[in-house]
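Let me begin by presenting the structure, written as structure tokens, before commenting on it.
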Amino acid sequence: MNKKIISKSKRLTIILKYIGVFIISISGLLIVGMALDGNFLDNLYLESSQSSFVFFNASYWEGVETPLVQIKERYIELITGLMVTGSYAGIFFLASFIFKDISNGESPFNDKQVKRLKKISRLLIGVLFIPLILPNILHWMMISGKYFSISLDGVSLIAPILFYALAEIFAYGALLQREIDETL
């Protein structure tokens with residue numbers, strides 16, 4: 001395999017692993033901050049980022065807003081954020097494993113890489129549905145009143161489809177690779 005590709009793959013492996021570790025570290029710091037300071041969430045402003053390519057956004061809330069409700073809402077945001085963050089960390093680690101194998105001289109067209117790409121696709125589906133469903137369920141369980149919120153953005157809808165398509169392309173490449181190896 002080309003030395004330039006192997007070198008780039010090694011760098012990407014390291015970068016992706018560092019990003020994954022950074023994401024997990026930030027999540028850990030949030031959890032430690034909550035454990036050490038009971039008012040940690042009062043001083044922390046969490047806001048879910050909105051894509052600039054929003055397909056649909058609707059929300060409804062009926063109830064009394066008290067300081068306790070605000071704290072519970074911050075916990076809901078934190079739990080949702082930690083689950084999405086965990087999904088992103090998993091995506092970065094899986095991608096780093098793909099590039100690690102490529103840097104070790106393995107063909108990217110094998111069943112192991114296809115499985116990893118499909119796992120990335122499933123994690124991206126989780127990134128789409130966790131903030132869509134989990135806050136509604138937690139709000140219903142923790143806070144009295146009527147509440148629902150639905151927001152779909154284009155990137156979250158398109159990314160899992162693209163990664164699944166990429167996995168299928170790699171599966172076809174793996175099939176061709178096996179046929180070539182058997183022919184030789």
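The values are calculated or read from the model by the stated rules, or taken from the named source; none is laboratory data. Predicted, not measured: the structure shown is a model, and the values here were computed from it. Ideal geometry is used to build each Cβ from the backbone, glycine not excepted, and the neighbour counts take in all protein chains shown. Side chains are part of the model used for accessible areas, which takes the heavy atoms of the whole protein and leaves out ligands, DNA and RNA. Shrake-Rupley method; radii C 1.70, N 1.55, O 1.52, S 1.80 Å.
Residues ILE98, ILE79, ILE133: which one is among the aliphatic types (A, V, I, L, M), in a helix (DSSP H, G or I) and under 30 Å from ASP181 (Cβ atoms)? I'd like the intermediate steps shown before the answer.
Numbers: ILE79 fails: under 30 Å from ASP181 (Cβ atoms); ILE133 fails: under 30 Å from ASP181 (Cβ atoms).
Of ILE98, ILE79, ILE133, the one residue that is among the aliphatic types (A, V, I, L, M), in a helix (DSSP H, G or I) and under 30 Å from ASP181 (Cβ atoms) is ILE98.
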Selection from the range 146-162 of residues open to solvent by 70 Å² or more (accessible area, probe 1.4 Å) and closer than 22 Å to ARG122 by Cβ yields VAL155, ILE158, ILE161, LEU162
Can you find a residue that is in contact (Cβ under 8 Å) with a residue 12 or more places away in the chain and touching a Gly at 6+ places or on another chain (Cβ under 6 Å) anywhere in the range 102-125? yes
Subset of the range 170-184 that is surrounded by 13 or more Cβ atoms within 10 Å (Cβ to Cβ) and free of Cβ contacts under 8 Å to residues at least 40 places away in the same chain - its residue that is farthest from GLU65 (Cα to Cα): ARG178
Run down TYR45, TYR60, TYR18 and say which single residue is open to solvent by 80 Å² or more (accessible area, probe 1.4 Å) and modelled with pLDDT of 85 or more. TYR18
Which ones in the range 129-145 are crowded, with 16+ Cβ neighbours inside 10 Å, of a type outside the set (S, T, N, Q) and touching a strand residue (DSSP E or B) at 6+ places or on another chain (Cβ under 8 Å)? PRO131, PRO135, HIS139
From the list PHE109, PHE99, PHE93, pick out the single residue that is open to solvent by 40 Å² or more (accessible area, probe 1.4 Å), at pLDDT 95 or above and within 24 Å of ILE6 (Cβ to Cβ). PHE93
